[in-house]
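Undergrad: Handing you a structure now.
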Amino acid sequence: MVAPVPGAAGALVAYDPALLQQLHSLSGGTTKSSGNTAPGSSSVASDTATSRAAISSPILASFPSLVSDLDGFTALLAETTLENQGEAYKLFSSGKVSLMPVQTVGQQPYGAVSAGPSAQCCVKTGYVHNGDTFVIKIAAGGAVGYGNTGFLLVFSQKTMQLCKQLNDSGILTEIRTAAATCYASRLIWKYGAPRPEQPPENNAQSDNQISDITSIGILGAGVQAWWQLRFLQLITPCRNVRLWTRDAKKGKEFVENLNSSAHLPDREWDVTFCSDVGDVGQNCELIHTLTCSREELLITKHLFSTSNSHQSRSNSRGNSPVEEQGCSEQELRTGGGALSAALAVEPQEATTTVAPPPSSCKVKRQHISAVGADAPGKQELGVDVLLSADLLVCDSVAQSLERGEFQRLLQQSSNSRTNTLVEADRIVEIGTLAMEMEAGGEATKLSSGGTATGLTIFDTSGIAVQDVAIAEMVVKLLEKKEQMVAAKEDGL
């Protein structure tokens, strides 16, 4: 039996049920036969006829064809994807992109949908100024028992016509998120490392590996954890992982599936399941948090970098508390108005910089990349952890304060009289950090304003230019594959 499924522009795509079941597991869904299969590990038909039959029109790139043409998406597990996301960050921080306001269905301040409080659908749109395309991404998930779903619409900026519809079921969002997070973790870790007197000729990232990490912490065991581990293999030789999940059964199943994954590099990880989140914080130099939590999971007592130091510090400038929290969509996009005023009451000159903690201070370093908070109300880190960090980095300052991990800084600034929050100009965007490092500069300011803890934090809530970058990359890969197939059919 072949089950017809609606495709683009009213067309019908014929899916083989067995193949559809495999593809469902790729997106994090569960079926009676496939269970919690490793994303990207299932075998799919790779012959030309099957691949081409999955495409109903030149515009539609269906999930089966994407899986086959991109070799189960492993074609994207490369340094080029990390750099693809890094370039997106730099374009954003250079002011060369326009991003539309994010739409989120099912999350605060709107009501929950029938699937439950964790379910959401996110719409992100953006483009690079004077570029080739603009991209609209729709990604949904969070319903218990179902996987993620979604697609990307790639339009031409010149003709305003739809060029490609990538029916990826949310996998490209998973991939670009993991790649971008690992890019940031590597960059920030290298930023804090002792600087050589003579920098490399090319740039500060000539060495793509972080060699001084002994253990990696992962919070969460969803589909994002699979892709994070895969991209982490590109930035560090460390293969020791401590995993914590709120659902112990799910965490242990994750470890079992990882050890039996058909994608052989997945089996390289030596994973220890931790029932106490403090076991992760006290033993891991690098931690990636990947949950949909709405309450703090990691607080200062859990981290070796902060548990023996001061818990939270007042900023050194004695700014008055902020009475107003609201801001317009334009202010969110530009960082202006009430939002920028909320944490930047007394802005410093842009040229002021503070070097990273020197190696002589003998502070053991720890870095957290917080991925889970992507909507108002979500939280993985305690405010005390944020205030204790030497450096706060994010993809977009405005978006991080509105819907990312740093939103708690703005909220407490509005409701507290303790004057303990860092200023907005103490938060640096990863794109700015990357460009300043490439220029050979000392980059940015310390966030804490106090004694160094060795803790750095990166927050990502995902920005649309990342979707533009990954979509354009995939379209080029598909076009190249199509050209190769056409040449083969022509006997060239």
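Undergrad: Given labels modelled 7 Å from the Cα in the Cβ direction, how far is it in nm from PHE273 to ALA248?
TA: Roughly 0.9 nm, to one decimal.
Undergrad: While we're looking at this one, here's another question. Check CYS394: other-chain or 5+ apart residues with amide H under 5 Å from its amide H, H built from backbone geometry?
TA: For CYS394, whose amide H was placed from the backbone, the distant partners under 5 Å are VAL428, GLU429, ILE430, ASP459.
Undergrad: Whole-Hz ³J(HN,Hα) for each residue in segment 211-222, computed from phi via Karplus 6.51 cos²θ - 1.76 cosθ + 1.60 with θ = phi - 60°, x for glycine and proline: what do you get?
TA: 9, 9, 10, 9, 8, 10, x, 10, 10, x, 9, x
Undergrad: Which far-off residues, 5 or more places away or on another chain, put their amide H under 5 Å from the one on CYS163, with H placed in the peptide plane?
TA: Counting only residues 5 or more places away or on other chains, the set is VAL154, PHE155, SER156.
Undergrad: Counting only residues 5 or more places away or on other chains, whose amide H sits under 5 Å from the amide H of GLN366 once H atoms are built in the peptide plane?
TA: So GLN366 has HN proximity to LEU455, THR456.
Undergrad: Obtain the radius of gyration and the Kirkwood radius of segment 124-181 from its C-alpha atoms and give Rg over Rh.
TA: On the way: Rg = 13.0 Å, Rh = 12.4 Å.
Ratio of gyration radius to Kirkwood radius for segment 124-181: 1.05.
Undergrad: With θ taken as phi - 60° and the coefficients 6.51, -1.76 and 1.60, list the Karplus ³J(HN,Hα) couplings across segment 229-238 in order, rounded to whole Hz; mark glycine and proline as x.
TA: For segment 229-238, the Karplus-derived couplings read 5, 5, 7, 4, 5, 7, 10, 8, x, 4 Hz, x marking Gly and Pro.
Undergrad: Subtract the Cα-Cα distance of GLU482 and LYS301 from 0.36 nm times their separation in residues, and report this length gain in nm to one decimal.
TA: 59.7 nm
Undergrad: For the residue pair LYS190 and THR214, what label-to-label distance in nm results when each label sits 7 Å from Cα along the Cα-to-beta-carbon direction?
TA: Each label point is offset 7 Å from its Cα along the Cβ direction, giving 2.5 nm.
Undergrad: Still on this structure, I have one more. Given the pairs LYS90/LYS158; LYS190/LYS481; LYS96/LYS124, which span a C-alpha to C-alpha distance of over 25 angstrom in this model?
TA: LYS190/LYS481
Undergrad: What list of ³J(HN,Hα) couplings, whole Hz, do you get for segment 428-437 from phi and the Karplus terms 6.51, -1.76, 1.60, once you set θ to phi - 60° and write x for glycine and proline?
TA: 10, 7, 4, x, 5, 4, 5, 5, 5, 5
No value in this document is a laboratory result; all are computed from the given coordinates. If you're wondering where the values come from, they're calculated on a predicted model, not measured in any experiment. Reconstructed Cβ throughout: ideal geometry from the backbone, glycine too, with neighbour counts over all protein chains shown.
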